[in-house]
Amino acid sequence: MNISEAARHAGLPAKTIRYYGEIGLVTPPRDPNGYRTFRPRDLHALTFVARARSLGFTIGECRALLHLYQDPTRASADVKEIARSHLGRIDAKLAELVAMRATLTDLVDACAGDQRPDCPILKGLAPTA
């Protein structure tokens, strides 16, 4: 299967698949003419990585998860640790977003939104001296 077919199958742009090849994440063999030939296991790996990336895992985490997935002697504790660490970052980001929302809500609520130049939103964004 060529790269455009693999891209359609995995739901990834061909450019992303080329990048994954450059960094050694998914490396299909090449034909004598130099074109990549995607085997079923390459497509499976691409789909696996695409799903992991859609959940926000980093490339490094995807590499580790893919390695563990392909290792029949893996310990599920290793997989769980990667996922738990990522979940911790998601929780931290959610807390950050909730705090940002609360701050912005307060600023919007404090602004009269009329023709006067006084604006608590701009004051809230300005650096404090």
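Structure summary
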| item | result |
| --- | --- |
| Rg to Rh quotient for the stretch 12-52, alpha carbon positions, Kirkwood Rh | 0.95 |
| Per-selection Rg to Rh, the stretch 75-129 - Cα, Kirkwood hydrodynamic radius | 1.35 |
| Rounded tilt (10° steps) of 40-54 against the dominant C-alpha axis of the chain | 10 degrees |
| Nearest 10 degrees, 0 to 90: helix 59-70 Cα axis against the chain principal axis | 40 degrees |
| Part-to-part distance (alpha-carbon centres) for the stretch 26-58 and the stretch 64-99, which is given in Å | 21 Å |
| Using a Förster distance of 35 Å, the FRET efficiency for residue 59-residue 105 (Cβ separation, nearest 0.05) | 0.50 |
| Residue exposure sequence - 119, 62 - by fewest surrounding Cβ within 10 Å | 119, 62 |
| The chain, helix-only ellipticity at 222 nm - DSSP H runs n ≥ 4, -39,500 (n - 2.57), divided by all residues, nearest 500 | -21500 deg cm²/dmol |
| Footprinting exposure proxy for 35, 69 (fewest neighbouring C-beta atoms within 10 Å first) | 35, 69 |
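Taken together, the values in this text are just the output of simple stated rules run on the coordinates, not laboratory data. Since the model is a prediction, treat every value here as computed from it, not as a measurement. Cβ coordinates were reconstructed from backbone atoms using ideal geometry, including for glycine residues, and neighbour counts include every protein chain displayed.
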